[in-house]
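What follows is one structure encoded as structure tokens, with my remarks underneath.
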Amino acid sequence: MKSVLPYRYSDMVRLKLDPASPIPMYLQIVEQVRRAIAAGALKADDEMASVRALASEHLINPNTVARAYLELEHEGLLAKRRGAGTYVSHDAEGLRHAHRARIVNELIDQALAAAREFGWTAQQVRQAVEERLERKP
């Protein structure tokens with residue numbers, strides 16, 4: 001039997017919201033759900049926690065959760081089913097690859113910014129990347 005959240009999407013995915021973070025809570029929810037979908041931890045038809053349950057679990061305003069869910073709906077990642085709750089949409093499967101690419105590209109941009117800050121040349125960056133690509137995982 002599939003577990004119904006509150007707070008957990010599956011046994012592998014849990015929201016970790018940080019009230020002390022400068023990132024607004026609704027954006028923390030949005031980004032964590034995006035990442036869970038991109039990683040395949042959330043799949044089409046997985047049921048999301050209700051707005052009230054998630055808000056209660058994290059002691060946040062239900063409007064915060066509703067705002068996050070609405071943004072994810074507009075992106076095509078979540079879909080509401082009248083009277084049944086909010087689910088990961090079937091479109092999320094197709095969007096997963098785009099989100100993966102976006103996340104990886106953001107991380108690459110951060111690494112390149114750090115390399116520039118430390119004065120690395122393009123050749124030093126290429127060499128570091130090549131060395132890591134040659135390593136066995």
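The condition of being assigned to a helix (DSSP H, G or I) and farther than 30 Å from GLU130 by Cβ holds for only one of ALA114, ALA55, that being ALA55. Looking only at residues in region 52-94 that are in contact with a strand residue (DSSP E or B) (Cβ under 8 Å, 6 or more places away or on another chain) and among the basic types (Lys, Arg), the one that is farthest from PRO19 (Cα to Cα) is ARG81.
Any residue in region 99-108 that is in contact (Cβ under 8 Å) with a residue 24 or more places away in the chain and touching a strand residue (DSSP E or B) at 6+ places or on another chain (Cβ under 7 Å)? Scanning region 99-108 turns up no residue that is in contact (Cβ under 8 Å) with a residue 24 or more places away in the chain and touching a strand residue (DSSP E or B) at 6+ places or on another chain (Cβ under 7 Å). Every residue in region 34-45 that is in contact with a strand residue (DSSP E or B) (Cβ under 7 Å, 6 or more places away or on another chain) and either of a type in the set (Gly, Ala, Ser) or surrounded by fewer than 18 Cβ atoms within 10 Å (Cβ to Cβ) (or both), please. If the condition is that a residue be in contact with a strand residue (DSSP E or B) (Cβ under 7 Å, 6 or more places away or on another chain) and either of a type in the set (Gly, Ala, Ser) or surrounded by fewer than 18 Cβ atoms within 10 Å (Cβ to Cβ) (or both), then LYS43, ALA44, ASP45 are the ones that fit. Counting the residues of region 71-102 that are part of a helix (DSSP H, G or I) and farther than 18 Å from VAL30 by Cβ gives 3. Within region 98-112, restricting attention to residues that are exposed (fewer than 11 other Cβ atoms within 10 Å of the Cβ) and charged (D, E, K, R), the residue that is nearest to the chain's Cα centre (by Cα) is GLU106. For first residues located in region 60-87 and on the phi > 0 side of the Ramachandran plot, partners that are at pLDDT below 95 and in a helix (DSSP H, G or I) and lie 6+ apart or on another chain with Cβ distances below 8 Å form the pairs GLY76/ASP91; GLY76/ALA92; GLY76/LEU95.
The values are calculated or read from the model by the stated rules, or taken from the named source; none is laboratory data. Every value quoted in this text rests on a predicted model; they were computed, and no experiment measured them. In this analysis, Cβ positions are derived from the backbone assuming ideal geometry, glycine residues included, and neighbour counts consider all displayed protein chains.
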